[in-house]
Amino acid sequence: MKEIIAQSRPAIQDSQAEEITRTLQRISAKQFITISEFAYLFGCSRGYVDKLIEKAQDPKSEYPVPYVDLDGLIQFDRVAVLAWAKTSKPLRRHQRKQGGKPALVKAVNQ
């Protein structure tokens, strides 16, 4: 009886989840990804990716993001970037451990 009821229920369609899955599958199928794909994969802004690239150009940078500059066209080796992201990096003083607005974090901690 439970099987009949389960079969008669309509499948829940989540178009946003399906679109995310398709996008991540396309990104995962590529060896090199664009700045926009990098931002999508890690859920960050384009500006933050630009900041990571800028920091990587500094010879003093301890954990530079691995990227390829093809005469101005920036690409990332997807596997190398995933390995870089998994690398443990020490947090510096006043560096956030998770996203969010500083005002919200302050209000929650009071």
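Checking each residue in segment 42-52 for being surrounded by fewer than 17 Cβ atoms within 10 Å (Cβ to Cβ) and not charged (D, E, K, R) picks out 42, 43, 44, 45, 47, 48. All told, residue 39 falls short of being touching a Pro at 6+ places or on another chain (Cβ under 7 Å), hydrophobic (A, V, I, L, M, F, W, C), under 26 Å from residue 23 (Cα atoms) and surrounded by 12 or more Cβ atoms within 10 Å (Cβ to Cβ). Would you pick out the residues in segment 53-73 that are loosely packed, with under 13 Cβ neighbours inside 10 Å and among the hydrophobic types (A, V, I, L, M, F, W, C)? Those that are loosely packed, with under 13 Cβ neighbours inside 10 Å and among the hydrophobic types (A, V, I, L, M, F, W, C): 68, 70, 73. In segment 74-96, the residue that is modelled with the lowest pLDDT out of those that are surrounded by fewer than 10 Cβ atoms within 10 Å (Cβ to Cβ) and under 30 Å from residue 25 (Cβ atoms) is 88. For segment 43-86, a tally of residues being out of contact with any helix residue (DSSP H, G or I) (no Cβ under 6 Å at 6 or more places or on another chain), of a type outside the set (Asp, Glu), over 25 Å from residue 21 (Cα atoms) and outside any helix (DSSP H, G or I) returns 8.
The values are calculated or read from the model by the stated rules, or taken from the named source; none is laboratory data. If you're wondering where the values come from, they're calculated on a predicted model, not measured in any experiment. Ideal geometry is used to build each Cβ from the backbone, glycine not excepted, and the neighbour counts take in all protein chains shown.
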